[in-house]
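Please read the structure below before turning to the comments.
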Amino acid sequence: MSVIISVVNQKGGVGKTTTAVNLAAGLSEAGKFVLLVDLDPQGNATSGLGIKYRELQSGLYHALMGQSRVHDVIANTSHAGLRVIPATPDLAGANVELVSVEGRERKLSDLLAEVSSAYDYVLIDCPPSLGMLTLNGLVAADHILIPVQAEYYALEGLGQLLKTVELVKENIKPELSVLGAVVTMFDGRNKLSEEVMNDLYKFFPNNIFRSVIPRTVRLAEAPSFGKSIFHYEPKGKGAKAYERLSREILDFFDKV
């Protein structure tokens, strides 16, 4: 059985897509077969893996709307064990178009049921909002991973996100669980970063990953070259941090 993890935070700019892309790449580098689902209409996870999403004829939107088979929209990446269901600009309309569709909150879950068994891990990069697409990302997942920037304002809205997760558990998917929070853009020289870490334990007393993602220029640059950090700077701090996070997640599921 595959493990499906949604990477979600309704606040933008917290390293959500960076985490989704590089965790997916890290898991594939560890020998796992991984599918990354780009559920964000901005398509950053798609372009961050070197796929020119504006030139694609079909993507996740077309599969959700029944215009394409999900098998036909899966694309290869430069990582041997990593595939992606790409986002295209059309996906922005799905938030509105899905509202009137029966079983709208389960459309992504139904799609993934057709392909997930072929993968060890499925990662979903959710949009930075709590709309219909993100709801689909939550319902399709077994676990939620929440990237949190080491900045004060990044903590705002976490309560709302966790409340939404609880509502999904109570009304749609009782088995959904919060895998934990991963701290991103951490600067050890910044006293505020340490204070944010301490405050995070109030939200996630037992669910903060030991692996902390540092603030580095290379991590910010890599997407513009269409590469994960493992192909852009494989020996740098960013790659080592995501390698540790990948190993931590693998160790967790090995024990389950």
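The values are calculated or read from the model by the stated rules, or taken from the named source; none is laboratory data. Since the structure is predicted, the reported quantities are computational estimates derived from the model, not experimental observations. In this analysis, Cβ positions are derived from the backbone assuming ideal geometry, glycine residues included, and neighbour counts consider all displayed protein chains.
Restricting attention to the range 91-120, report how many residues are part of a helix (DSSP H, G or I) and either aliphatic (A, V, I, L, M) or over 16 Å from Thr134 (Cα atoms) (or both).
16
May I ask you to say which residue of Gly15, Gly26 is at pLDDT below 90, within 28 Å of Glu175 (Cβ to Cβ) and surrounded by 24 or more Cβ atoms within 10 Å (Cβ to Cβ)?
Answer to the check: Gly15.
Would you be able to say whether some residue in the range 39-58 is assigned to a strand (DSSP E or B), modelled with pLDDT of 95 or more and either under 25 Å from Ile229 (Cα atoms) or touching a strand residue (DSSP E or B) at 6+ places or on another chain (Cβ under 8 Å) (or both)?
Scanning the range 39-58 turns up no residue that is assigned to a strand (DSSP E or B), modelled with pLDDT of 95 or more and either under 25 Å from Ile229 (Cα atoms) or touching a strand residue (DSSP E or B) at 6+ places or on another chain (Cβ under 8 Å) (or both).
If you check every pair at least six apart or on different chains, which have Cβ atoms under 9 Å apart with a residue in the range 133-150 that is within 23 Å of Ser211 (Cβ to Cβ) first and a residue that is crowded, with 24+ Cβ neighbours inside 10 Å and of a type in the set (Lys, Arg) second?
Note: pairs meeting the criteria are Ile146/Lys16; Pro147/Lys16.
Mind listing just one residue for me: the one in the range 203-255 that is under 12 Å from Asn22 (Cα atoms) and hydroxyl-bearing (Ser, Thr, Tyr) and, of those, farthest from the chain's Cα centre (by Cα)?
So, considering only residues that are under 12 Å from Asn22 (Cα atoms) and hydroxyl-bearing (Ser, Thr, Tyr), the one farthest from the chain's Cα centre (by Cα) is Tyr232.
Any chance the range 152-161 includes a residue that's exposed (fewer than 14 other Cβ atoms within 10 Å of the Cβ), assigned to a helix (DSSP H, G or I) and out of contact with any helix residue (DSSP H, G or I) (no Cβ under 9 Å at 6 or more places or on another chain)?
yes
Report yes if some residue within the range 215-237 is among the β-branched types (Val, Ile, Thr), crowded, with 22+ Cβ neighbours inside 10 Å and not in a helix (DSSP H, G or I); otherwise report no.
No, because not a single residue in the range 215-237 is among the β-branched types (Val, Ile, Thr), crowded, with 22+ Cβ neighbours inside 10 Å and not in a helix (DSSP H, G or I).
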